[in-house]
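The values are calculated or read from the model by the stated rules, or taken from the named source; none is laboratory data. Note that the structure is predicted; figures quoted are calculated from it, not measured. Every residue, glycine as well, gets a Cβ built from its backbone with ideal geometry; the counts of neighbours run over all protein chains shown. Keep in mind that these areas ignore ligands, DNA and RNA; they rest on the heavy atoms of the full protein, side chains included. Shrake-Rupley method; radii C 1.70, N 1.55, O 1.52, S 1.80 Å.
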Amino acid sequence: MKISRRNFLRLASFSTLGAVACNFFDEREFISQSPVQLPEDLVTGRDNWYATLCRQCSEAEGLVVRIMEGRAKKVQGNPQYPTNLGGHSIRCEAGLQNLYHPDRISGPLLRQGARGTGLYSPISWDQALDLLRGHLQAQTDRSRVLTVTGPLRGSMAHLTSAFTDAYGARHMAFQPMEDAAYDQVMQDVLGQQTSPTFDFKNANYVLSFGADFLGTWKAPVQFSKGYGEFRQGLGRRNRGTLVQVDSWFSLTAANADTWVPINPGMEGMLALSIAQVIISEGLAPQDRINQLTGGQGSSALDAYAPNIIAQQLGVPPLHGTEPHEVIREMARGFARSGSRSIAIGGSGASAHTNGAFNLAAIFALNFLVGSVGAEGGVVLNPPAPVPELAKTISAASTGEWHRTVADISNGRTGVVMLRGVNPVNDLPGDIGLQQTLNRDDIFVATFSSFMDETAEMADLILPERTPMEDWGDDVPSPGPGFEVIGMQQPVVNPLPGMNPMGFADILLQLSREIGLDGATPLNMPTYHHLLQDQARKIQALERGSVQNANFNSFWNSLLQQGGWWDRDATADSDPSMPNLAEIASRASQPIITGRTDGNTFNLIPFQTVSLADGSGANLPWLQSSSDPLTTVAWTTWVEISTLVADAIGLKEGDFVRVEGANGRSFVAQIYHHPAVPPNVIGIPVGQGHTASLRYSKGRGENPLHLLGLPLEEQTQSLAWAGTRVRIVPTGESSPIPKFEGIVPAFVPNQEEAIVKVTRG
Amino acid sequence: MIPKFITPKMLIIPIALGGLLTTAVVILVAIFLLRAWFSTPIQIFGFPGPPEQPIAFPHTAHVDIEGINCAFCHRNVTKGDAATILPVEGCLLCHSTVQGENAPPEVAKVIEHYNNNRPIDWKRVHRLPDHVQFSHEPHVRFLTEVQGLELEAACATCHGDVRDMVEVEQVRSLKMGDCVDCHRDNEVLTDNPDITDCTTCHY
Amino acid sequence: MAETKKWAMVIDLDRCTGCQACVVACQAENNIPINEEKDFLSRRAKQWIRIDRVWEGTWPNVKARFIPVLCQHCENAPCEPVCPVYATYHNSQGLNVQVYNRCVGTRYCANNCPYQVRFFNFHDPEWPDTFWNQLNPDVTVRSRGIMEKCTFCIQRIRRAERTIEGRDGGKVNDQSLKAGNYMPACVNACPTNTLTFGDINDPNSDVSRRARDPRHYKLLDHIGTSPSVIYLKKVDPNAPEEEAH
């Protein structure tokens, strides 16, 4: 082509236009879109904050969500909500990413290929629900239908159990690393159906055995709120003391004034030892001691005197103090604060074959100092004021799951419906749920927003509304010590193209179609109606934070405040004293299973503050959030004591094969940890997903698969802290993704420490 | 100066190489400048003409003839940051009856968007430079409450006589100089040290 | 015009548990791109507020100490004089601000910051399309070649000024900021009330009251940056004698 002036200009404009079109602008910048419908909040033309609840973990914090132009922008704690008082955790924040996740399933899917191959074709909701209803109606023996949900509370528990009862299905709740032992001990020792809370704000001495209450245990945001005041509350006379007894260096241990390392599973015996000191030194009122020991005094516990048992407990000398003296000091400190002392047990302490004994011994300490029901002590929670909301469905124990899966594999189940849980990935691999579901005579339906491992095994996938698009309510557990009912409202509509349905609404529709809608709650047209029906009952109480004779005004204030609560409605039960002698008679050593040859360690699988049990592993904010202690992100690491690692010759980032109790193993990277006890390694759970979700697939490993099936003796909950594993270096190494070191540490300077410390 | 053993022939290659290098540099610089020029999202001189909208919406018919107030469709302009455009169902508030039957083609498009639940992607007419945060609400408040203008006149201050525009186009540069001039002329925020604080608008 | 404000923050190290809620809250509020694994490995992960963890002692008497570090909004900010284009400067409310339009990406400021709280955009930020729905419209999405850092959530302060002062005729102070959800995202998120934000020129504000705590100190105070972030010392009854004050 001849380069004439005209041609040159043409070429030039062509190429620049091409360049502009290719990479300079995002086309969206030049578009101003008219949506089709007008979301309510657009009318005011400002950002609006709507109150709702966080459903990322069982704490269910009250939230306010910032909405602009019909899109949720930011999540914050609801300052009025009595449990979390405006605070929130990483997981609440990341709930927003569930809403706008690129991998969200937009509509119902029907399996096409073989199970597990991931071939699905979209179908309409009518077809999907017809299919599910057809399978439900085809069952002659209705107990062949198994409904699996997460632990449920409030109206959802009420509705789901009404549905499964009316239909005749079995219903089980699933939670990874369930804590059946804890619920049992709350009943046995404290006589409570509801989970108690702890008045950290007014406590002077907190003795925590394994419970990572600042990290992931139960209600960390609620406890953290109290912890802040416990340390530096306005008007406090003295700063509270936190002692953490832990076989692993948890986040709570990191924040404790004294961390007392202990051999895994020996927490209960240490508690007895502390009780022995308090009784023998007469640090508690004599009548209380008599009541607790049945008049035996310290004689029932003398076998646990510190100098006898300290060696066995594995407590090392701390700050130059001998172990038995450490125990005595703990006992004295605990008793000195009287009713303002709290003894808590959980996480690692309950995850042993003797977990129920451990917890019983630990919680009995509270009776010794009289802190049960006292200010600054263990605060009991009243049941919900409305009976329909009082129902809770707690997670079934792992032992129960083992039996259920065996039932399924024996062909005694025809339909499995799973909602919002991922047991295929989260149950220990030895239970073999995945293989069990892989048969043709079972119809598996999952209610799930994402194609997780469980959804991949399903015949029918029914995408659920995410919590921010759906209605709900909650009776927090643990509550704050008085009656609270939280309200969850949809703060946004699903994105265009997304076509999810609420689980409760599906249940109600199925009830109508199958003909189960004889009585409340199944005769309600929608879940929204059911919640309003419950709200009328709350309104009829005529007390608490929201009161109004007009129902519409009452309902609106209820949603606006994020719930209803009555600070005066506290628990009135006075639990009877447990018998320490009886508890001591049940004392047993933990049975540690697993490898004994080579470099073996006690494996502590732990939950991190970001991924926790792994249910949010597909959310990039959680994946990219660095662990507070190691600062590692995006992967699974093995926390090993620096001393031991140096002795074996392992450097940070080295890959090691971790060999489990059951012949399973995986490869993960080493993190040199100065605070992990030498006999222990810690591996975070939450990773190891195989399902095709972009942020979690193929990342890290799940240590729960290495455990085999160790069960707590009394309650059959998973004894996840009682397995020994072997470590074999692979010889490979690569840098570990962590935040530490990205920002060069400040120059160490004796005069100018970064974190300055004072003694008081 | 050139040593005798270097003949002019021997210089051809360096000179040619130098020439090539210079050309290459010139081309690179030209590409850089062209990229820079064309990658500013708003035109450097003048304003772009009216863009072609997916639906030919005549402001004349709505504002001039029907006398609809600006804030009826741009309903957040007095309350929020963005003026916002009416959602499609808002158009249908009138157009389900007004010209709803035997709708002219452009109105039919709106109805079709509504029936198919499809948002309308209007082409943006006014675009501020990058990294600027602008809120309509305080500006409209000043012009109507302090200066006492009617809303329509207040909008016209920056957007021109939209009433008479069949196709809306930009009439003011809406760049920083324009902003600052207008603030000076109206003596707004001029007693405030923050008038020249970048973070008043840029954050 | 209201009396001059000076925004400041008090961080009580004795309350901080290291839970990272502030870090992700900041990430969400300020459109900070997702820190991918490769960003961690190439040491380019961005956290406007980070929690540094300092180990002390040896097993079993080992301590982990946490300290949230964000831009200290120094009065004598070392980042300001080195910028050749005046992209970073001090405004009248005591904020050290970064003007994205001016920044040309020399990275001198990051180099000169003793607190290492400035982060450079080595790439354009990337989000899958659907995540754009959740970006904060009040905060610029920074493109490649631009330095960024904590702004004390200036977008919230500006919105508070527009709404509380401009529209409602009220006063911007601790209470009104808190009531309107205008506190910086990290302060709002913190479950232990470690962080307090407010106007330190107002002697009655929470931040002034807490800054008077005898435990107060400023980070690297000896280099004379005069930060607007005030730390309160961690309390540890087992601390060695020489550290006690």
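Near A:Gly563, the amide H atoms lying under 5 Å from its own belong to A:Met487; only residues 5 or more places off or on other chains count, and H is placed 1.01 Å from N. In a reduced charge model with +1 at each Lys and Arg Cβ and -1 at each Asp and Glu Cβ, chain A shows a dipole moment near 1640 debye about its Cα centre. Remark: region C:58-67, residue by residue, has Karplus-estimated 3J(HN,Hα) of 10, 4, x, 8, 9, 10, 10, 10, 10, 9 Hz, where x stands for each Gly or Pro and the curve is 6.51 cos²θ - 1.76 cosθ + 1.60 at θ = phi - 60°.
Annotation: chain A has a Kirkwood hydrodynamic radius of 27.8 angstrom, from the mean reciprocal C-alpha pair distance. In loop segments of region C:1-91 as defined by DSSP, the chymotrypsin sites (Phe, Trp or Tyr not before Pro) with at most 12 further C-beta atoms inside 10 Å of their C-beta are C:Tyr86. Packing here is the average count of other Cβ atoms within 10 Å per residue, and on that basis the peptides A:246-255, A:575-584, C:192-201, highest first, run A:246-255, C:192-201, A:575-584.
Suppose accessible area is computed on protein heavy atoms with a 1.4 Å probe; arrange A:Glu456, C:Glu75, C:Glu148, B:Glu66 from highest to lowest. Please report the intermediate quantities before stating the final value.
Working: A:Glu456 35, C:Glu75 90, C:Glu148 0, B:Glu66 125 Å².
The ranking, largest first, comes out as B:Glu66, C:Glu75, A:Glu456, C:Glu148.
Annotation: amide H-H contacts under 5 Å for C:Asn201 (H modelled 1.01 Å from N, sequence separation of 5 or more, or interchain): C:Lys6.
Only helical runs count toward this figure. For chain A, summing -39,500 (n - 2.57) over DSSP H runs of n ≥ 4 and dividing by all residues gives -8500 deg cm²/dmol at 222 nm. Report summary: the helix-based calculation at 222 nm, which adds -39500 (n - 2.57) for every DSSP H run with n ≥ 4 and divides by the residues of chain B, gives -12000 deg cm²/dmol. Only protein heavy atoms count here; on that basis, with a 1.4 Å probe, C:Lys38 has an accessible area of about 120 Å². Summing charges over neighbours of A:Ala335, with a neighbour being any other residue whose Cβ is under 12 Å away from its Cβ, gives +3 when K and R count +1 and D and E count -1. The fraction of Cα-Cα pairs per 10 angstrom bin, counted from 0 for region A:90-241, comes to 8, 20, 29, 21, 14, 7, 2 percent, rounded to whole percents.
Inter-chain neighbour count for A:605-612: the average number of beta-carbon atoms from partner chains within 10 Å of each residue's beta-carbon is 1.
When the inverse distances between all different Cα atoms of region B:58-203 are averaged and flipped, the Kirkwood radius reads 17.3 angstrom.
Taking the Cα centre of region B:124-180 as origin and assigning +1 to Lys and Arg Cβ atoms and -1 to Asp and Glu Cβ atoms, the resulting dipole is close to 220 debye.
The Cα atoms of region A:593-733 cover 40, 38, 25 Å along the three principal axes, with the biggest extent listed first.
Spin-label model, B:Ile12 to A:Arg336: label points 7 Å out along the Cα-to-beta-carbon direction sit 9.9 nm apart. Within region C:107-245, the proportion of Cα pairs with more than 24 Å between them is 50 percent.
Electrostatic bookkeeping for A:Ala719 treats Lys and Arg as +1 and Asp and Glu as -1; over the other residues with beta carbon under 12 Å from its beta carbon, the sum is -4. When the surface is traced with a 1.4 Å probe over the full set of protein chains, B:Val188 keeps roughly 30 Å² accessible.
The Cβ shell under 12 Å around A:Leu53 holds other residues with a net charge of -3, Lys and Arg each +1, Asp and Glu each -1. Given +1 at the Cβ of Lys and Arg, -1 at the Cβ of Asp and Glu and no other charges, the dipole of region C:7-243 around its Cα centre is 280 debye to the nearest 20. Computed over region A:180-379, the convex hull of the alpha-carbon atoms projects to a mean area of 10.2 nm².
Distance between the C-alpha centres of region C:82-106 and region A:202-223: 43 Å, rounded to the whole angstrom.
Translational diffusion of region A:614-683, estimated by Stokes-Einstein from the Kirkwood radius over alpha carbon pairs at 20 °C in a medium of 1.002 mPa s, is 164 µm² per second.
The reciprocal of the average 1/r between distinct C-alpha atoms defines the Kirkwood hydrodynamic radius, which for region C:1-108 equals 16.8 Å. Take the accessible area of chain C alone and of chain A alone, subtract that of the pair, and you get about 7800 Å² summed over both chains, using a 1.4 Å probe.
Here the protein assembly as shown carries DSSP beta bridges of which approximately 55% are antiparallel, counting only pairs with both residues inside.
Near the amide H of A:Arg465, within less than 5 Å, lie the amide hydrogens of A:Met501, A:Gly502, A:Phe503, all on another chain or at least 5 residues away, with H placed in the peptide plane. Protein-only accessible surface at a 1.4 angstrom probe places the residues B:Met10, A:Met468 in the order B:Met10, A:Met468, largest first. Relative contact order for chain A using alpha-carbon pairs under 8 Å, separation at least 6, rounded to a whole percent? Relative contact order here is 17 percent.
The solvent-accessible area of B:Cys155, taken with every protein chain present and a 1.4 Å probe, is close to 30 Å². Its Cα gyration tensor gives chain C an equivalent ellipsoid, and the semi-axes of that ellipsoid, as √(5λ) in whole Å with the largest first, are 27, 24, 19. From most to least packed by mean Cβ count within 10 Å, the peptides A:677-686, B:104-113 give A:677-686, B:104-113.
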